[in-house]
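Please read the structure below before turning to the comments.
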Amino acid sequence: MTQTEFYQAQENGSVDIGNSYGGTGVGENTTLTRDLFHQHGDIQVMQSWETPYMHQLAVALVAGVAKNAAVLMEAHGKITLLEIGFGLGLSATKMQEELQELVKEHGREKVEHHIIELNEEVFKKLLEFQAQEEKLGRATVVPHQGSWQDVVEDLKKANTTYSGILYDPFPTCKEEQHFHQLMFISDQSAGALLQKNGTFVYCNLTSLGVLLAENNADWKQVWEVTQKPYLNGQEFEVLGKKYTIAGLTNSEYSLFEVTEDMKAKRAEQKCNYYGGDIHNHALVPVCVRK
């Protein structure tokens, strides 16, 4: 099987997920360095040029949770965040820093940061991160190993819920490329994990890189046509299964500017999923459950 059968870079700096692609897997052919997380050759899962953007996603999530912290604490007795995908630890590290004010106010035993990670090599790094954060006295890190689909079902069975969720995995097949973040937060999947007044933030660069090109680099159109309708409850279908999202009608977005320094590093790392001339900004969606 050739690389192009399941992952093909386009001239506009985005990627097409191919018909034969079956997900990143638990650790097959992983390249994991301080700056790169690639699999199956040149499938680029995460690169360090994204750092400032991932930090902004973490800031947006914690800010949303902090805004409603009093109500969330009263209802649930603690602040709990769930992060889907550890990757290079970019957002996780920033999230721990941003949670410090809540830790100071309530104690680290009352502020939890759960992280789901499938890849075995990355999970080892997550365990190291957990130990490091404990020594620093920061929010309690709770690792979960496995696919988010399996872990979510276990969490639902345990009636576990979260004050905030940050979602940033890779799609598992071509049909999911533009929908997997929406599938995740749907009523048919992890929707029940997000508490009332909880905040949901997501990243899907492999999708948005394509959608931006298809919508003439018009971010308002991308949001209004490809994201907001589904967050507002419009039904969608993937691989014969129908999905709906309830309670996220209070959703908005801002744009993060990709700086010249980021672009230089992006070029150096030969990013092929969000590396085009039109990719000057990245979406920061903030969705609050009402």
- Message: Being of a type in the set (Asp, Glu) and either in a loop (DSSP other than H, G, I, E, B) or over 25 Å from GLY77 (Cα atoms) (or both) is the filter here; which residues of segment 152-178 pass it?
- Response: ASP168, GLU175, GLU176
- Note on the structure: Among THR31, THR51, THR24, the single one that is within 28 Å of LEU194 (Cα to Cα), modelled with pLDDT under 75 and either surrounded by fewer than 19 Cβ atoms within 10 Å (Cβ to Cβ) or of a type in the set (S, T, N, Q) (or both) is THR24
- Query: Does VAL71 satisfy the criteria of being open to solvent by 20 Å² or more (accessible area, probe 1.4 Å), at pLDDT below 95 and over 27 Å from LEU255 (Cα atoms)?
  - Reply: no
- Message: under 29 Å from LYS290 (Cβ atoms), modelled with pLDDT under 95 and either open to solvent by 10 Å² or more (accessible area, probe 1.4 Å) or assigned to a helix (DSSP H, G or I) (or both): which single residue out of GLN181, GLN149, GLN96 fits that description?
- Response: GLN149
- Test GLU121 against the criterion of being open to solvent by 50 Å² or more (accessible area, probe 1.4 Å), touching a residue at least 40 places away in the same chain (Cβ under 8 Å) and either assigned to a helix (DSSP H, G or I) or touching a strand residue (DSSP E or B) at 6+ places or on another chain (Cβ under 8 Å) (or both), and give yes or no. yes
- Limited to segment 157-178, what total is found for residues that are touching a Ser or Thr at 6+ places or on another chain (Cβ under 9 Å) and at pLDDT 95 or above? 7
- Tell me which of these ALA267 doesn't satisfy, since it passes every other one: (1) farther than 30 Å from LYS156 by Cα; (2) among the small types (Gly, Ala, Ser); (3) surrounded by 14 or more Cβ atoms within 10 Å (Cβ to Cβ). (3)
- Message: Please go through segment 238-261 and give me each residue that is farther than 21 Å from LEU193 by Cβ and among the polar types (S, T, N, Q), ordered by number.
- Response: SER254, THR259
- Item | Members of segment 205-255 that are open to solvent by less than 30 Å² (accessible area, probe 1.4 Å), closer than 15 Å to PHE179 by Cβ, among the aliphatic types (A, V, I, L, M) and in a helix (DSSP H, G or I) | LEU205, LEU208, VAL210, LEU211, VAL222, LEU231
- Query: With ILE79, ILE84 as the choices, which residue is buried (at least 22 other Cβ atoms within 10 Å of the Cβ) and out of contact with any Leu (no Cβ under 6 Å at 6 or more places or on another chain)?
  - Reply: ILE84
- Query: Between residues in segment 258-277 that are free of Cβ contacts under 8 Å to residues at least 24 places away in the same chain and of a type in the set (A, V, I, L, M) and residues that are open to solvent by 20 Å² or more (accessible area, probe 1.4 Å) and in a loop (DSSP other than H, G, I, E, B), which pairs lie under 8 Å by C-beta distance while being six or more apart or on different chains?
  - Reply: ALA267/GLY275
- Kindly indicate the residue of segment 186-204 that is among the aliphatic types (A, V, I, L, M) and either in a helix (DSSP H, G or I) or touching a helix residue (DSSP H, G or I) at 6+ places or on another chain (Cβ under 6 Å) (or both) and also most open to solvent (accessible area, probe 1.4 Å) among those meeting that condition. ALA192
- Which of (1) surrounded by 24 or more Cβ atoms within 10 Å (Cβ to Cβ); (2) more than 15 Å from PHE200 (Cα to Cα); (3) touching a Phe, Trp or Tyr at 6+ places or on another chain (Cβ under 6 Å) does VAL111 not meet, given it meets every other one? (3)
- Quick check: anything in segment 203-223 in contact with a Pro (Cβ under 8 Å, 6 or more places away or on another chain), of a type in the set (Val, Ile, Thr) and in contact (Cβ under 8 Å) with a residue 60 or more places away in the chain? yes
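The values are calculated or read from the model by the stated rules, or taken from the named source; none is laboratory data. What you see is a predicted model; the values in this text were computed from it and never measured. Quick reminder, even Gly has a Cβ in these numbers, built from the backbone with ideal geometry, and neighbours come from all protein chains shown. When the accessible area is computed, the model is the full protein with side chains, heavy atoms only, and any ligands, DNA or RNA have been set aside. Shrake-Rupley method; radii C 1.70, N 1.55, O 1.52, S 1.80 Å.
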